[in-house]
Amino acid sequence: MSGLPVALLAAAATLLAGAGWGTGGGAGRTRVPAARRRPPRHPTAATGAAGVRPAVTVAVATAAAAAATVAVLAVGTVPAAAGVGLAVVGARSRSAARRRREARRRDEAIPDLVDLFGLAVAAGQTVPAALATVAPRCPPVVRPALRDAVRAVGAGAAVADAIAGLAPRLGPRGWPLCDVLVAAHRLGAPALDALDRVAAEARDRRRRDAEARARRLPVTLLFPLVVCVLPAFGLLAVVPLLVASFTDLR
């Protein structure tokens with residue numbers, strides 16, 4: 001196979017991989033059970049980065065395709081193909097790690113968010129007023145979602161629909177909060193006791209997650225110990241002794 005067709009094939013493969021990576025593929029998306037699916041958010045809340053992200057994806061994929069073409073023409077087919085494969089795998093790994101970090105920060109912020117809603121409700125505010133009060137004061141990781149909900153309500157969307165639209169953005173641990181707020185707004189159900197229960201459960205889950213990460217820490221430290229510390233010890237302590245011994249033997 002000649003160099004130019006191989007370069008075009010590599011460019012096309014990289015373009016597809018880059019497009020899949022930029023849109024998040026399908027592996028990193030959270031599957032929402034059918035029983036817990038929410039109605040779509042109000043159009044004003046859905047606008048934002050939706051029109052910017054495809055353009056960024058196309059730009060990244062085009063740059064990756066050009067780099068793959070240059071690599072194939074410069075170093076050959078096999079090294080370029082290996083490099084492209086490693087680059088795609090690395091990009092997807094970094095994207096998945098970034099999504100996991102964002103999900104962890106979001107889950108850790110849910111107890112504080114529930115506490116803020118509990119304070120607002122305990123002060124006598126209604127659900128729409130509590131939403132407007134909490135949105136600018138909540139943890140930064142969930143602040144854009146709440147601000148979008150406040151803008152949707154200001155644009156004329158139903159309060160229950162705007163709150164229900166928060167559930168996919170708050171993750172599975174945010175569903176109980178959304179359920180309590182929707183029930184309090186639609187049915188007038190008491191929200192303070194329910195928010196206290198949701199906050200206690202969220203704090204308990206955050207504590208269990210922290211304990212699980214602490215238990216995984218010794219295993220995580222094995223990699224730098226084996227790869228960095230032990231070889232450095234060997235180079236600094238064992239190798240000089242061996243060199244001195246061989247010198248004395250000679």
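The values are calculated or read from the model by the stated rules, or taken from the named source; none is laboratory data. Note that the structure is a prediction, hence the values are computed from the model and not measured. Neighbour counts are summed over all protein chains in view; Cβ atoms, including those assigned to glycine, are modelled from backbone coordinates with ideal geometry.
Here are a few things to note about the model shown:
- Val142 of a type outside the set (S, T, N, Q), within 14 Å of the chain's Cα centre (by Cα), closer than 20 Å to Asp196 by Cα and at pLDDT 90 or above: yes
- Selection of helices (runs of 4 or more DSSP H) fully inside the stretch 143-250 by the criterion of at least 1 residues being out of contact with any Asp or Glu (no Cβ under 8 Å at 6 or more places or on another chain) and of a type in the set (Phe, Trp, Tyr) returns 175-187, 192-224, 230-233, 239-249.
- Search result, residues across the stretch 111-139 that are in contact (Cβ under 8 Å) with a residue 24 or more places away in the chain and assigned to a loop (DSSP other than H, G, I, E, B): Thr126, Cys138, Pro139
- Selection status of Val150, within 18 Å of Pro111 (Cβ to Cβ), modelled with pLDDT of 90 or more and of a type in the set (Val, Ile, Thr): no
- Every listed requirement among (1) in contact with a Leu (Cβ under 7 Å, 6 or more places away or on another chain); (2) modelled with pLDDT under 90 is met by Ala189 save one, (1).
- Restricting the first member to the stretch 95-110 and to residues that are more than 16 Å from Arg143 (Cβ to Cβ), and the second to residues that are outside any helix (DSSP H, G or I), the beta-carbon pairs closer than 6 Å and six or more apart or on different chains are Ala96/Gly28; Arg99/Gly28.
- Among the residues of the stretch 117-128, the ones that are surrounded by fewer than 20 Cβ atoms within 10 Å (Cβ to Cβ) and under 16 Å from Leu166 (Cα atoms) come to 1 in all.
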